[in-house]
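Worksheet for the structure shown next.
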Amino acid sequence: MENTDAFGSSTAPLTWHDFLERMRQPSAADFVKAIKSFIVSFSNNPPSPEKDSAAVQDFLNNMEAAFRAHPLWAGCSEEELESAGEGLEKYVMTKLFTRVFASVPDDVKVDDQLHEKMALVQQFIRPENLDVKPNFQNETSWLLAQKELQKINMYKAPREKLVCILQCCKVISNLLINASIASKENPPGADEFLPVLIYVTIKANPPQLHSNLLYIQRYRRQSRLVAETAYFFTNMLSAEAFIMNIDANALSMDETEFESNMQSARALLSGLSEDSDMFNHCDKTPVSRTESSEHVQQSLNTKKHQEPLVQSQHLLGSSEKKLGNKVPSISDLEQPYEVPSTSDLENKGASILMKEDQVSQIFQKFPYVFSQAGDLTVSDVEELLDHYKQVVFKYVCLSTGLGLPNPSPPFSSLHRSELSKNESGDSETDLNEETDKNANTAGEELNAVSLLEVEISESKMPPDGSSSVSG
């Protein structure tokens, strides 16, 4: 279900392509020249967040005013003009992303501090530490909100990053509303919503959260940060501030208990890191039996005196069940480990599935598996595209982790033909952008054709993050 209150007309699926289509018109040549000249001149200036933000906001505002007065948009609705503004913002900020995102060392430092803080606190925090009422606790469903927040670094446009936050908030809001209805309580307000958002954010630990929030603040059109969008975004800023300053009092904990939990969390994460380094070292450098024994024994002795966490005890118990309570020996560590291929893992999974009695019910969770092409609607296609991108991202990460070179899916002859065309377009794009970098003045003769050639490759990026806005 689309959230039109939060996203306005920018949820229109043709927003991006409509902008490109209009820029393709000969009468848009002056717009194209102005846009690309701004990008060139902006990129030549040293980073200065406040000045950069003001420059971008002024440029977007002036360009949108020019759109309204131009014959290309004569007779257009307010929604179509909004779409043009969204397309402009996406194009400009995608081009400037590497120049403005996390461009100041102080922001990068805060990102690291915040990430470390959440990594530690998430090891022991519980909903009751944030005074979340029992009838509002639903950690399984909160995972959906965490997943939405973790997508934030998949996108470059400010609006698309903002959509990840809004979708996370909508999931939480709807779950709280449903819980209040079920328990016949008053509708939840900020006092109920913010603690859950803080908890979900800590558990999700999204990458570069501080820089992402600053990026949205600085480069999202201010005129569109209003109403419900502004409410949810303000809550996310509050959640970040709370997490940065989190202490025993904030979590309704005794100071001694809080410090003990933090030390245990550091020991746990440090132990995991050391174990990872040890195994990586074993893969690259021969280690004698004596050295390996001493390292493992030292690691075991260290962990033996560490205060265990509830979560680590649970994970250990689960691991022991799976291993049949078998403790790995030194000889086990010295055995060469063969990394399974993706096909091996697929075959293993298929074999397990074939033994399941309710395999059909498992696939029922994926609504499009049993659909025919004629059954799909436009909204279905948008949702499928979003799912596809997530699958590709996970597949590439898995393949890369397994050491497979150049992971790619199988293509039909038609797809290979299209891929060849796209690669050809990419070459032209690279040439175009190289020309931009070498430009000495902002008054170069840049035309609509060059803009559209660039956008052939830009359209391969994740599209508007609202393609599957749900609540």
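Listing for the model above:
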{"item": "Which listed residue, of Arg218, Arg224, is touching an Asp or Glu at 6+ places or on another chain (Cβ under 8 Å) and surrounded by 17 or more Cβ atoms within 10 Å (Cβ to Cβ)", "result": "Arg218"}
{"item": "Pairs where the first residue, in the range 101-125, is closer than 17 Å to Asn153 by Cα and in a loop (DSSP other than H, G, I, E, B) and the second is open to solvent by less than 20 Å² (accessible area, probe 1.4 Å) and not basic (Lys, Arg), C-beta under 6 Å, 6+ apart", "result": "Phe101/Tyr215; Ala102/Ser211"}
{"item": "Which listed residue is β-branched (Val, Ile, Thr), at pLDDT 90 or above and either open to solvent by 30 Å² or more (accessible area, probe 1.4 Å) or at positive phi (or both), from Ile202, Ile181", "result": "Ile181"}
{"item": "Evaluation of Glu2 against (1) assigned to a helix (DSSP H, G or I); (2) at pLDDT below 90; (3) in contact with a helix residue (DSSP H, G or I) (Cβ under 6 Å, 6 or more places away or on another chain) (one fails), failing number", "result": "(1)"}
{"item": "Yes/no for Asp30 being in contact with a Gly (Cβ under 8 Å, 6 or more places away or on another chain) and open to solvent by 40 Å² or more (accessible area, probe 1.4 Å)", "result": "no"}
{"item": "Given (1) in contact (Cβ under 8 Å) with a residue 40 or more places away in the chain; (2) within 19 Å of Tyr219 (Cβ to Cβ), number of the condition Leu130 does not satisfy", "result": "(2)"}
{"item": "Counted residues, the range 37-88 - those being of a type in the set (Ser, Thr, Tyr), without any contact (Cβ under 8 Å) to a residue 24 or more places away in the chain and closer than 20 Å to Trp16 by Cα", "result": "1"}
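Matching residues to (1) modelled with pLDDT under 95; (2) open to solvent by less than 30 Å² (accessible area, probe 1.4 Å):
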position	(1), (2)
Gly87	yes, yes
Ser103	yes, no
Lys109	no, no
Leu114	no, yes
Val132	yes, yes
Asn153	yes, no
Lys161	no, yes
Leu166	no, yes
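The values are calculated or read from the model by the stated rules, or taken from the named source; none is laboratory data. The shown structure was predicted, so the numbers you read here are calculated from the model rather than taken from an experiment. Reconstructed Cβ throughout: ideal geometry from the backbone, glycine too, with neighbour counts over all protein chains shown. Protein only, heavy atoms only, side chains kept; ligands, DNA and RNA dropped before computing areas. Shrake-Rupley method; radii C 1.70, N 1.55, O 1.52, S 1.80 Å.
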